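The values are calculated or read from the model by the stated rules, or taken from the named source; none is laboratory data. From a predicted model like this one, the values you see are computed outputs, not experimental measurements. We place every Cβ from the backbone using ideal geometry, glycine too, and count neighbours over all the protein chains shown. We work out accessible area using only protein heavy atoms, side chains counted, and drop any ligands, DNA or RNA first. Shrake-Rupley method; radii C 1.70, N 1.55, O 1.52, S 1.80 Å.
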Amino acid sequence: MKLATRIALAVGATVPVLVLAAGWLLLLLVAHDLHAEQDAHLRERADVAAVNARQLLRVTAADRPAAVEQARERQLYASGLDVGIRLTGPHGTVSGGPQPDGSVPLPTRARTPVTVEDGARSWRVLSVRVQSSRPGVQGTLWLFSPDTASKDQLALVRRRVVTVALLAAVTSGLMALAVASRAGRPLRRLQQRTSGLDPRVDAARLDHTRTGVIEVDDLARTLQTVLARYDEQAARTTEALTTARSFAAAAAHELRTPLMSMQTNLEILAQHPDLASADQDEVLGDLQAEHARLLGLLVMLRELGRGDLVEAEAFGPVDLTEVIDASAADARRRHPTAEITVPVMPRLIVHAWEPGVRTIIDNLLANALIHGRSRDGRARVELGLRAGGHPPGSTAVLTIDDRGPGILPSQRDAVFHRFERGPDSPGSGLGLTLVAQQTALHTGHVRIQDCPGDRGTRIEVRLPVRDSRQTAIPLPAERDWLITTAERPQGFHKDGS
């Protein structure tokens, strides 16, 4: 059913109800006004007739001549003018003028006018207690007036109200249909423009010109938002599929070497069961090393995939001090002989993805513990955290210092490339790639410097500090850490200074 038809039916059903309600109220008001005018007349007549009624009761009680009583009765009837009078006293009842039949029961006391029914006719009745000057002589004076607000009159008004209501239903319904049809034109035009849109096969989108109708304009904006979100989700789905394919290709390419090496070692063990104990230990050591590398490579690839697919909703306030302390505690358990120093640091809150920040610190620590050993073979690592940037306090600066041989300036960009590792490195070549990925994801900067002193490397990560009153930084539009090949550099933020 069309909206205009619904509106017409609603108006056509509502208007007669309102007309009937207004007619019923009007009927009550008319009856009340007619009764009020009639009742005022009864009270006025009652004030005059009460005096003559007392005189008649006194004359009757004194047993005066019949002529005197008749004269008093005529005075009483004359004082009533156009209303009926009935006086009930100790010596009987006298009545005159228009009034209901004597068999009609009257209320015992009607100090305010009431309505009584005499067949098809209604009467307004008022009673007054009359007290004569003679002790014990009293009676009741009844005054009657035909009810001008009769049933026939009110029934006529009711019929007219119903007729008007029926006519109003048809008329208002047709008018509402015409008005609603005209008012619904912008909505129909919007429907016609959107009916041909298919975001699955067509890149065309809703082009809406403001109509001035708030509901239509709001609906158009909502449709545009929905289509934009569809495009965004479709792009993210495509990106996710591409990432999955790239993950499979990268995993197959990089896992081939350790798997082939493991196969060769297993064949040696199978073909030479009498291999010397020292040679067996060497082959088993190679197998363990390749297995560890294989497992690490899978973990790193998984983390790269998580970073490529994380959504903005996962970001929130992160206390860097707490994350650094937790990461250092885990590193001490894994490397009990290493010296990991964490000085007192300021409390800095960043708007970040907590697993991503933890990935940065864990991989920087792991890199420093493996490659940053001093000449005596012991790993010494120091973490630092301070506020910096312009304006002051706008950036959290995280530093990792080691006492290793350092990294040549010409090689400092290459260490962030995928699968870039030294010939004697036990790692997967993805640790610093993960650091670069997560730093870019948080719109930060990472750079490699010489460690203060005569030996070692410092890796510095800068992340923006944002409070709850600021809008979150949007994620990078392109995240291609799994999609791009290992040969070309990744798109991370590096501070070249």
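Key figures for this structure:
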{"read-out": "Filter pass, residue 39 being out of contact with any Cys (no Cβ under 7 Å at 6 or more places or on another chain), open to solvent by 60 Å² or more (accessible area, probe 1.4 Å), touching a residue at least 40 places away in the same chain (Cβ under 8 Å) and not small (Gly, Ala, Ser)", "value": "no"}
{"read-out": "Members of the stretch 50-70 found to be open to solvent by less than 60 Å² (accessible area, probe 1.4 Å) and either at pLDDT 80 or above or in a helix (DSSP H, G or I) (or both), listed by number", "value": "50, 52, 53, 55, 56, 57, 59, 60, 61, 68, 69"}
{"read-out": "Output for the stretch 96-113, where each listed residue is open to solvent by 60 Å² or more (accessible area, probe 1.4 Å) and free of Cβ contacts under 8 Å to residues at least 24 places away in the same chain", "value": "101, 102, 103, 105, 108, 109, 111"}
{"read-out": "Pairs, first charged (D, E, K, R) in the stretch 221-232, second open to solvent by 60 Å² or more (accessible area, probe 1.4 Å), C-beta under 9 Å, six or more apart", "value": "231/203; 231/205"}
{"read-out": "From 293, 306, residue being farther than 29 Å from residue 397 by Cβ, basic (Lys, Arg) and at pLDDT below 85", "value": "293"}
{"read-out": "Selection within the stretch 1-36 - more than 27 Å from residue 180 (Cα to Cα), open to solvent by less than 50 Å² (accessible area, probe 1.4 Å) and modelled with pLDDT under 80", "value": "23, 27, 31, 35"}
{"read-out": "Condition met for residue 200 (loosely packed, with under 13 Cβ neighbours inside 10 Å, modelled with pLDDT of 70 or more and not in a helix (DSSP H, G or I))", "value": "no"}
{"read-out": "Extreme residue, nearest to the chain's Cα centre (by Cα), among residues of the stretch 79-95 that are over 24 Å from residue 134 (Cα atoms) and open to solvent by 40 Å² or more (accessible area, probe 1.4 Å)", "value": "82"}
{"read-out": "Residues of the stretch 322-344 satisfying the condition of being surrounded by fewer than 17 Cβ atoms within 10 Å (Cβ to Cβ) and touching a residue at least 24 places away in the same chain (Cβ under 8 Å)", "value": "326, 330, 335, 337, 339, 341, 343"}
{"read-out": "Set 118, 63: member being of a type outside the set (A, V, I, L, M, F, W, C) and over 20 Å from residue 38 (Cβ atoms)", "value": "63"}
{"read-out": "Test result for residue 47, charged (D, E, K, R), out of contact with any Cys (no Cβ under 6 Å at 6 or more places or on another chain), open to solvent by 50 Å² or more (accessible area, probe 1.4 Å) and over 14 Å from residue 128 (Cβ atoms)", "value": "no"}
{"read-out": "Every pair of residues 6+ apart whose Cβ atoms lie under 8 Å, when the first sits in the stretch 120-144 and is at pLDDT below 85 and charged (D, E, K, R) while the second is crowded, with 18+ Cβ neighbours inside 10 Å and assigned to a loop (DSSP other than H, G, I, E, B)", "value": "121/100; 121/147"}
